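The values are calculated or read from the model by the stated rules, or taken from the named source; none is laboratory data. Keep in mind that what you see is a predicted model, and the values were worked out from it rather than measured. Glycine also receives a Cβ, built like all others from the backbone with ideal geometry; neighbour counts cover every protein chain displayed. The protein model used for the area step is the full one, side chains on, heavy atoms only, and it has no ligands, DNA or RNA in it. Shrake-Rupley method; radii C 1.70, N 1.55, O 1.52, S 1.80 Å.
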Amino acid sequence: VDTTGYLVVVDPIDGTENFTSGMCEWGVSVSCFANGYHVGSLIGCPEMNLWMQTGDRFPRFSSRIRGLSSSLQKDDLIRATAGYEYRILGCCVYNMINVVRGSFLTFENPKGAHSWDILGGLNLALEHQLTVTVNDKPYQGEYLQ
């Protein structure tokens, strides 16, 4: 992908299985880049009226809950770190909104994700001074393939 100029990354339905099953935990994500670097994002869960965009400010909670990817198997859960509460909700956008608000301590996706699933949430987390790691490396707002 040529990252010169403007690039918009859209995920119109994040949490497809939740959406098709009639659950409200599904989301949309739009992330904009200029010359390979983030300039603005919007993420939201329409059925829950939860929205977050670049520039928003809000109170932050302090939680010990960790969100996990829904692509995990039972054996993966058995190996989860002791001392934390875990939730699996099947929507990156919903998990990332919770992290940025402080309702979740972290969101982990050990099996990986597509860029359209995570770019909006990663950059909103950076905007709120959270530590963001992708593939065990610090993430700093660049476009990810």
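Which condition breaks for Thr4 when tested against (1) touching a residue at least 24 places away in the same chain (Cβ under 8 Å); (2) assigned to a helix (DSSP H, G or I); (3) over 15 Å from Asn123 (Cβ atoms)?
(2)
For region 37-76, enumerate the residues that are farther than 25 Å from Val8 by Cβ, over 16 Å from the mean Cα position of the chain (by Cα) and part of a loop (DSSP other than H, G, I, E, B).
Hits for region 37-76 are Pro59, Arg60, Phe61, Ser62, Ser63, Arg64, Leu72, Gln73.
For region 98-134, name all the residues that are within 21 Å of Gly36 (Cβ to Cβ), of a type in the set (Ser, Thr, Tyr) and without any contact (Cβ under 8 Å) to a residue 12 or more places away in the chain.
Thr133
Yes or no: region 57-80 includes at least one residue that is at pLDDT 90 or above and touching a His at 6+ places or on another chain (Cβ under 6 Å).
Within region 57-80, none of the residues are at pLDDT 90 or above and touching a His at 6+ places or on another chain (Cβ under 6 Å).
Each row is one residue, and each column tells you yes or no for (1) surrounded by 11 or more Cβ atoms within 10 Å (Cβ to Cβ); (2) more than 18 Å from Leu124 (Cβ to Cβ).
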site: Val9; (1), (2): yes, no
site: Asn18; (1), (2): yes, yes
site: Asn35; (1), (2): yes, yes
site: Leu42; (1), (2): yes, no
site: Arg57; (1), (2): no, no
site: Gly67; (1), (2): yes, no
site: Lys74; (1), (2): no, yes
site: Arg79; (1), (2): no, yes
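For residues that are of a type outside the set (D, E, K, R) and open to solvent by 90 Å² or more (accessible area, probe 1.4 Å), tally how many sit in region 111-145.
8
Which numbered condition trips up Leu89, out of (1) touching a residue at least 60 places away in the same chain (Cβ under 8 Å); (2) open to solvent by less than 40 Å² (accessible area, probe 1.4 Å); (3) under 13 Å from the mean Cα position of the chain (by Cα)?
(2)
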